[in-house]
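Notes to accompany the following structure.
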Amino acid sequence: MWRNSKSADNNSMSYEEPTHEELAKDTLGRMMADLSEDCWCAVWLRDLEFTLWETLTAGGRDFGWGRIEERDITRMKNLHERAGGWWIWVKGEDCQRFVTTEEWLQILARKKEPQAGCPGV
C-alpha cells in the first residue's frame, strides 16, 4: 500500500508524511482483512464489509473460528470515523477499495433493497 508519493489515493498513501486520515484508512483495511483471515482463513470473506458493518451496530458476535469483541468494534468505529469511509470488495477487479461514508451508505441501501422479481428477498 505504501508508495513513494506525496499524494494518496485508494491504493496508496503519502510515503513521507502520511496523514492521520491515511493511516486510519490503511489500518481499517488491514483490520478488516485480518479479521477475515484470522476467523475464516479468507483474504476477504464474501460480503465481509456488510457483516462487519452490521456488527458495528449489533455488538460482538461469533465470527468463523473466532469472535469479534467489543474492543474490535470500538476500534473499527473509531477508524471508520477518522478515515471517513469504509472498505469494500470490488468483484470485477478482485480487490478492496476505499469508499467515502456517503458512498458506503448508498451501497448499503442498495444491498437492502428487495430484488426486482423476487418477492420477499
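The set of residues in the stretch 32-47 that are crowded, with 16+ Cβ neighbours inside 10 Å and modelled with pLDDT of 90 or more comprises Met32, Ala33, Leu35, Ser36. Criterion first (among the hydroxyl-bearing types (Ser, Thr, Tyr), over 14 Å from the mean Cα position of the chain (by Cα) and in a helix (DSSP H, G or I)) does Thr57 satisfy it? It is true that Thr57 is among the hydroxyl-bearing types (Ser, Thr, Tyr), over 14 Å from the mean Cα position of the chain (by Cα) and in a helix (DSSP H, G or I).
Apart from one condition, Asp62 fits all of (1) of a type in the set (Asp, Glu); (2) under 17 Å from Val99 (Cα atoms); (3) in a strand (DSSP E or B); the exception is (2). If you go through the stretch 67-100 and keep only what is surrounded by fewer than 14 Cβ atoms within 10 Å (Cβ to Cβ) and in contact with a Gly (Cβ under 6 Å, 6 or more places away or on another chain), you end up with Glu69, Glu70, Thr100. Gly64 meets each of the listed conditions (1) modelled with pLDDT of 95 or more; (2) surrounded by 15 or more Cβ atoms within 10 Å (Cβ to Cβ) apart from (1).
Taking the criterion of being assigned to a helix (DSSP H, G or I), modelled with pLDDT of 95 or more and either acidic (Asp, Glu) or on the phi > 0 side of the Ramachandran plot (or both), the residues of the stretch 70-121 that qualify are Glu81, Glu102, Glu103.
Inspect the stretch 14-31 for any residue being modelled with pLDDT of 90 or more, within 12 Å of the chain's Cα centre (by Cα), closer than 21 Å to Lys111 by Cα and part of a helix (DSSP H, G or I) and give the result as yes or no. The answer is yes, given that some residue of the stretch 14-31 is modelled with pLDDT of 90 or more, within 12 Å of the chain's Cα centre (by Cα), closer than 21 Å to Lys111 by Cα and part of a helix (DSSP H, G or I).
Count of the stretch 14-67 residues, restricted to those that are among the acidic types (Asp, Glu) and touching a Ser or Thr at 6+ places or on another chain (Cβ under 7 Å), is 1.
The values are calculated or read from the model by the stated rules, or taken from the named source; none is laboratory data. Here the structure is a predicted model, which is why all the values come from computation and not from measurement. Note: ideal-geometry Cβ built from the backbone for every residue, glycine included; neighbour counts use all protein chains shown.
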